[in-house]
């Protein structure tokens with residue numbers, strides 16, 4: 001058997017093979033990185049799309065709540081109507097906790113069992129984007145009852161409520177909710193604030209809150 005050293009041509013072929021293998025491995029790694037980057041960008045874009053669609057879906061809950069308030073404007077709003085997600089007394093997250101309670105924690109721990117599921121015009125609880133909307137309504141008063149009565153039927157003073165600013169055609173006496181006074185609030189406007197909180201639960205664990213305050 002004959003043996004001998006490789007000539008210049010043989011050495012060149014060995015170097016070319018090594019370089020080709022390195023380039024091939026580099027291209028494979030670059031391709032894998034590119035595919036992963038495109039996949040990650042697609043996931044991020046999808047999540048942003050779902051996040052943006054959630055607040056828009058909350059409009060269904062807001063409109064449903066406003067419609068219920070308009071239909072029941074009157075004595076019905078003096079007291080809680082839990083079946084319709086309505087509360088005549090203001091409720092807020094607890095600021096005394098450490099850290100202060102968030103709206104999401106407040107919803108999960110307190111409001112989740114009191115919220116009403118909103119439906120679209122077709123009676124569907126879930127829209128085309130996969131979002132589910134629920135809402136609660138709070139009258140911005142420190143208690144239930146008729147704010148226009150000096151003495152409630154149960155003998156208690158009227159609740160103090162947040163009121164719209166006075167106008168040239170309306171007058172109010174007393175103080176708004178939260179003032180340090182024992183003077184009952186009386187107002188001939190019969191207009192009060194109602195806060196609507198709508199929560200949207202969407203795909204990929206998307207959660208969004210929208211709040212609207214209306215006066216009626």
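For the condition closer than 25 Å to residue 125 by Cα, at pLDDT 80 or above, assigned by TED's automatic domain parsing to the domain that holds residue 154 and surrounded by 10 or more Cβ atoms within 10 Å (Cβ to Cβ), residue 83 does not qualify. Here residue 144 qualifies as over 27 Å from residue 59 (Cβ atoms), at pLDDT 80 or above and in a loop (DSSP other than H, G, I, E, B). Residue count for region 69-90 under the criterion of being in a helix (DSSP H, G or I) and in contact with a strand residue (DSSP E or B) (Cβ under 7 Å, 6 or more places away or on another chain): the result is 3. Looking at the structure I just gave you, is residue 40 surrounded by 10 or more Cβ atoms within 10 Å (Cβ to Cβ), modelled with pLDDT of 75 or more and in a helix (DSSP H, G or I)? The answer is no for residue 40.
State which residue is farthest from residue 206 (Cα to Cα) when the search covers only region 115-131 and only residues that are in contact (Cβ under 8 Å) with a residue 60 or more places away in the chain and surrounded by fewer than 17 Cβ atoms within 10 Å (Cβ to Cβ). Once the filter is applied, the top-ranked residue is 120.
The values are calculated or read from the model by the stated rules, or taken from the named source; none is laboratory data. Bear in mind that the values here come from a model prediction, so they are computed numbers and not experimental data. Cβ coordinates were reconstructed from backbone atoms using ideal geometry, including for glycine residues, and neighbour counts include every protein chain displayed.
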